[in-house]
Amino acid sequence: MANFISLPIGSEVLTLLNLKPAIIITTVGKDGSINAAPYSWFSIVDYNPPRVLFSTNMKRDTYRNVLETKEFVLNFPSVDLLKQIWITSKHFPYGISELEKASLTVFPSEKVKPPRIKECKAHVECKVLWTKPIGSSCLILGEIISLSVDEKIEQLGTKDRLIQLNPPLYFSFKEDEKTRKWLFASIGKIHEMTERNDKFEITSETL
């Protein structure tokens, strides 16, 4: 029989227990500037009607834009875009496009102003229903009004769709004075992203 011990409640353990796909959320400010930022704290919370909930720090441009224009898009990258995800996580001045910095391509959404990302394989367009501040973060509930996927994925069965999407699953982040380190899982692999002295490296291990 297993033995259990108590652990301090901290971000490292909570993140591991909250294993989620890493996505890129695009928003637009009232001035028309586009913002993109990676998130894993999100979840589909209802199917009928379709609803999605995510959490963002209230200091982020995502929060500012959501309050101003009440729309957002969830873009689902594959693990091949880890470097681009990392670039969108960096803090640029408001109005600077993370998508341009990451060399990602935008194209119009079907029903909202924030654009979709062409290199991502699925997109969920949403309108904000409500926001609720909690501590330093804010919960944002959105109504899903449009869903699009790469046409190659649409033709596949459920299992093959997951293989084609191959989402990066975020589960760890550590930071010290010189180094930031993220850990992601994907189908059959663990990926470590390391940033040290403005240099970036990805190492992968097959399970």
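The values are calculated or read from the model by the stated rules, or taken from the named source; none is laboratory data. Just so you know, these numbers come straight off a predicted model, no measurement behind them. Note: ideal-geometry Cβ built from the backbone for every residue, glycine included; neighbour counts use all protein chains shown. The area values use the complete protein model at the heavy-atom level, side chains included, leaving out ligands, DNA and RNA. Shrake-Rupley method; radii C 1.70, N 1.55, O 1.52, S 1.80 Å.
Mean 1/r over all different Cα pairs, inverted: what Kirkwood radius does the chain give, in Å? All intermediate terms of the calculation are to be shown ahead of the outcome.
On the way: mean 1/r = 0.0556 Å⁻¹.
About 18.0 Å, per the Kirkwood formula over Cα pairs.
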Once both labels are modelled 7 Å past Cα along the beta-carbon direction, what's the F4-E68 spacing in nm? 4.7 nm
Size of the range 129-186 along its principal axes in angstrom, Cα-based, largest extent first? 46, 34, 15
When ligands, DNA and RNA are left out and all protein chains stay put, how many square angstrom of accessible area per residue does the chain have with a 1.4 Å probe? 60 Å²
Quick one: which of 105-115, 57-67 comes out on top by average Cβ neighbours within 10 Å, and what's the full order, highest first? 57-67, 105-115
Computed over the range 1-142: relative contact order in percent, which uses C-alpha pairs under 8 Å that are six or more apart: 26 percent
Can you list the lysines whose alpha carbon sits under 18 Å from that of K152, skipping same-chain ones fewer than 8 residues off? K118, K121
What nm value, rounded to one decimal, do you get for the distance between E100 and L162 when each label is placed 7 Å out toward the C-beta? 4.0 nm
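Accessible area of the chain with a 1.4 Å probe: how many percent of it is carbon plus sulfur?
Numbers: 6690 of 12330 Å².
Of the solvent-accessible surface of the chain, carbon and sulfur hold 54 percent.
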Give me the orientation-averaged projected area of the Cα convex hull of the range 48-99, in nm², one decimal. 4.8 nm²
Per the range 87-153, sqrt(5λ) over the Cα gyration tensor eigenvalues, sorted largest first, in Å, gives 23, 20, 10
Beyond 28 Å between alpha-carbons counts as too far, so tell me which of K127/K181; K20/K101; K70/K181; K101/K181; K83/K174 fall in that bin. K127/K181; K70/K181
Which three semi-axes in whole Å describe the equivalent ellipsoid of the range 8-52, each the square root of 5 times a Cα gyration tensor eigenvalue, listed largest first? 26, 18, 8
In Å and from the alpha-carbon atoms only, list the Rg and Dmax of the range 156-207. 13.7, 46
Cα-Cα pairs of the range 21-142 separated by more than 23 Å (percent): 22 percent
What aspartates and glutamates sit close enough to K30 to cross-link, taking a C-alpha to C-alpha distance under 16 Å and skipping anything fewer than 8 places away on the same chain? D61, E68, E71
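Given 0.36 nm per residue, what is the gain on full extension from E177 to T194 after removing their alpha carbon distance, in nm? Kindly include the intermediate steps, with their values, before the conclusion.
On the way: separation 17, 0.36 × 17 = 6.12 nm, distance 1.32 nm.
Gain on extension, E177 to T194, equals 4.8 nm.
First measure r as the distance between the Cβ atoms of K83 and K20, then evaluate 1/(1 + (r/R0)^6) with R0 = 30 Å and state the FRET efficiency to the nearest 0.05. Mind showing how you got there, number by number?
Values: r = 20 Å, r/R0 = 0.66.
With R0 = 30 Å, the Cβ-Cβ based efficiency is 0.95.
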